[in-house]
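The values are calculated or read from the model by the stated rules, or taken from the named source; none is laboratory data. What you see is a predicted model, and the numbers here were worked out from it, not measured in a lab. Cβ placement follows ideal geometry from the backbone for every residue including glycine, while neighbour counts extend to all protein chains displayed. For accessibility, only protein heavy atoms count, side chains too; no ligands or nucleic acids. Shrake-Rupley method; radii C 1.70, N 1.55, O 1.52, S 1.80 Å.
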Amino acid sequence: MGVLDCSNLNVRFKTEQGDLHVVRDFSLNLEKGECVGVVGESGSGKSQTFMAMLGLLTDNGQATGSVKLDGQEILNAPRALLNQVRGNRIGMIFQDPMSSLTPFLKVGEQMCEGLVHHQGLSTAQARARALETLELVRIPDAKRRFNQYPHELSGGMKQRVMIAQALMCKPAVLVADEPTTALDVTVQAQILEILEGLKSHTDTAIVMITHDLGVVAGICDRVLVMYAGRVVEEGPADNIFHHTHHPYTQGLLRSVPSFDLDPSQPLAAIPGQPPAPFALPSGCAFSPRCQYVSDACGQALPVLTQRGPQHRAACVREALS
């Protein structure tokens, strides 16, 4: 059993258009010290999967299945239990640090709040831990930053504060939701280096939610590729990059810029758009955009099948060949 075990997670939202089934049968076993990348286009269900695990869905959302943290069921758990878990045993770095930090509270106040609440530290002890953590994420002049408001920090500095805040209680699991979005490439590299150092020197398990395969290549041990709410391929990062088995994953890889490409030629793109949750095609959801589509693709929903050691893909093409 891993530190985080999720099985058959389904997420639905009640809307005027009917029930939207946005995450389907998601399963994940996360081990200590492991970094797993969850990859897919916007709308594929990546963020909602982990919002559901942490009880952060909107009021019209419903989650079913099982999510266990160190063997304890937390899916749809009472709020009192979730409040003990969130920010303590599971830390989360949200997409937008601009809106995730409280603008009228100083950085230090926000960072110390969790330690005082979850671990009962004194104000002085919490301040010492906060300064230590700010230095861990390489914020220069940590004492001065501790007493500043979020608007006084750059975007990259805010993101580092978010990472530091998520690490304050030394969580067993860290969920990073697009942690490098809207940052320039230099700051992106620094953020990834911080997370890589965390993975290398602690037992903290990391989930990296991203659409950026470059981020995945640099830090992740294992990758789950999501499309239309389902995992369509999963396996070790090296296998995903070098022995791809699902046409969607192949399309994502072809669309990544490379120094080997002819700059005069346009980047390869996956044709069409992802389907809406209320208008999924029969069979494989990717079939309308797939260059290998056949009659078999529309007959049944393909299941994840073994394609190699710890490598599975949901595609009928190789199974029929």
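List of remarks:
- Residues of the stretch 193-219 that are of a type in the set (A, V, I, L, M, F, W, C) and either free of Cβ contacts under 8 Å to residues at least 12 places away in the same chain or in a helix (DSSP H, G or I) (or both): I194, L195, L198, L213, V215, V216, A217, I219.
- Once the stretch 177-188 is narrowed to residues that are outside any loop (DSSP other than H, G, I, E, B) and surrounded by 13 or more Cβ atoms within 10 Å (Cβ to Cβ), the residue that is modelled with the highest pLDDT is D177.
- Condition met for V223 (in contact with a Gly (Cβ under 8 Å, 6 or more places away or on another chain), open to solvent by less than 50 Å² (accessible area, probe 1.4 Å) and on the phi < 0 side of the Ramachandran plot): yes
- Residue-level check: of (1) surrounded by fewer than 21 Cβ atoms within 10 Å (Cβ to Cβ); (2) at negative phi, A164 misses just (1).
- Considering (1) under 24 Å from L101 (Cα atoms); (2) touching a helix residue (DSSP H, G or I) at 6+ places or on another chain (Cβ under 9 Å), the lone condition that A172 does not fulfil carries the number (2).
- Within the stretch 122-143, restricting attention to residues that are of a type outside the set (A, V, I, L, M, F, W, C), part of a helix (DSSP H, G or I) and touching a residue at least 12 places away in the same chain (Cβ under 8 Å), the residue that is most open to solvent (accessible area, probe 1.4 Å) is K143.
- Note on the stretch 1-120: enclosed strands (runs of 3 or more DSSP E) holding 2 or more residues that are open to solvent by less than 40 Å² (accessible area, probe 1.4 Å) and within 21 Å of G229 (Cα to Cα) are 4-15, 18-30, 35-39, 61-69.
- Test: residue in the stretch 281-291 that is open to solvent by 40 Å² or more (accessible area, probe 1.4 Å) and free of Cβ contacts under 8 Å to residues at least 12 places away in the same chain: no
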